[in-house]
Structures are given as structure tokens and as C-alpha cells.
1. Kindly establish whether residue 10 is within 16 Å of the ligand (Cβ to nearest atom) and at pLDDT 90 or above.
2. Given the criterion part of a helix (DSSP H, G or I), at pLDDT below 70 and away from the ligand (no atom under 14 Å from the Cβ), identify the matching residue among 48, 31, 35.
Ligand SMILES: [Zn+2]
């Protein structure tokens with residue numbers, strides 16, 4: 001990954017990583033990039049993380 005990745009680069013990197021490796025969930029900030037664009041979040045784990053975070057904020 002580049003030192004200062006663009007949002008699209010982070011999305012592409014994490015989507016590829018999640019598809020090939022389950023070592024960690026996609027960070028909430030990257031999940032948000034998908035949500036903001038109306039794109040499906042690549043993993044179930046990430047969806048659960050967003051749902052939990054939303055519940056805590058409200
Ligand atoms: Zn990994």
C-alpha cells in the first residue's frame with residue numbers, strides 16, 4: 001500500500017485482503033468509505049462491526 005493512499009486505494013487493498021485473509025476485520029474508517037459510496041462492504045465481519053458501532057453512538 002502507498003504511504004498516503006487515496007480512499008479508493010484503501011478500499012481496493014482491504015477488499016482484496018479480506019477476500020484472501022481473515023486475520024483482521026476491515027477498519028471502521030474503510031468500511032465507512034464503502035457505506036458512503038453505497039457499495040457492499042466486503043465482509044460480514046465488517047458489517048457487524050459497523051452495526052455495533054452505530055448502536056453505541058446512538
Ligand atoms: Zn491478513
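1. yes
2. None of the others qualify; the one that does is 48.
The values are calculated or read from the model by the stated rules, or taken from the named source; none is laboratory data. The structure displayed is predicted, hence computed values, not measured ones. Here Cβ is always computed from backbone atoms with ideal geometry, including for glycine, and neighbour counts include all displayed protein chains.
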